[in-house]
Structures are given as C-alpha cells and as structure tokens.
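So the structure is just underneath, and the comments pick up after that.
Rule-based calculations on the coordinates, nothing more; no lab input. Because the structure is a prediction, the values reported are computed rather than measured. Here the Cβ positions follow ideal geometry from the backbone for every residue, glycine too, while neighbour counts run over all protein chains shown.
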Amino acid sequence: MVRYKVFVIYPEDVCRGESKPDICIDESTFKCGSCNWYAGRVFVLARSRDEAIELVKRGLAGLCAECFLDLLIDLNVDIETKEEIY
Ligand SMILES: [Zn+2]
C-alpha cells in the first residue's frame, strides 16, 4: 500500500527555488488540472511536499477544491487520522 497525503500548493510554491523564470506559474495562469478554472491554490495527493510541487510543475497534478473532492470520492479513499475528529 502506498501512503499519500494531501498537499496545498500555491503559485509561489511552484516558483520557489527556480532559477528559470519560465518554469514559474504565474497566479493568472494557475488553473485546476481538471475543470481548467483559475485557482488561487490547488490540492495534490503525493508522498511528499516536494513531490507535490514537482507534479504541479510538470502539469501532472493540481486540482481545485471541488475537483479534488470529486477525485477522493472516485478513488473511494479511506481517511486515517491521528485522533478522533467527531
Ligand atoms: Zn477544478
């Protein structure tokens, strides 16, 4: 079983540490990978934050909240927490 976490990625996270400005994703072009709507932030399932940022940079991940929830429902994920949430 592979364990993934949810990461929130902002446009500035994608640009951070990049020496080539053309790799940076400007806020005006930061879009959901599914519905293509502009998103102030995207959600990614990944094993680490670095992996999540890399996936967004390569255009392989990054969904708005609504599309991300649809994905979780489609994947029928189990949510494991460290403490009771109710
Ligand atoms: Zn979307």
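Observations on the structure shown:
- Count of the stretch 46-58 residues, restricted to those that are within 14 Å of the ligand (Cβ to nearest atom) and either exposed (fewer than 14 other Cβ atoms within 10 Å of the Cβ) or not aliphatic (A, V, I, L, M) (or both), is 0.
- Selection within the stretch 32-86 - assigned to a strand (DSSP E or B) and touching a residue at least 12 places away in the same chain (Cβ under 8 Å): Val42, Phe43, Val44, Leu45, Ala46, Leu63
- Picking from residues in the stretch 70-80 that are more than 10 Å from the ligand (Cβ to nearest atom) and surrounded by 12 or more Cβ atoms within 10 Å (Cβ to Cβ), the one that is nearest to the chain's Cα centre (by Cα) is Leu72.
- Of Glu66, Glu84, Glu80, all but one fail to be charged (D, E, K, R) and touching a Cys at 6+ places or on another chain (Cβ under 8 Å); the exception is Glu66.
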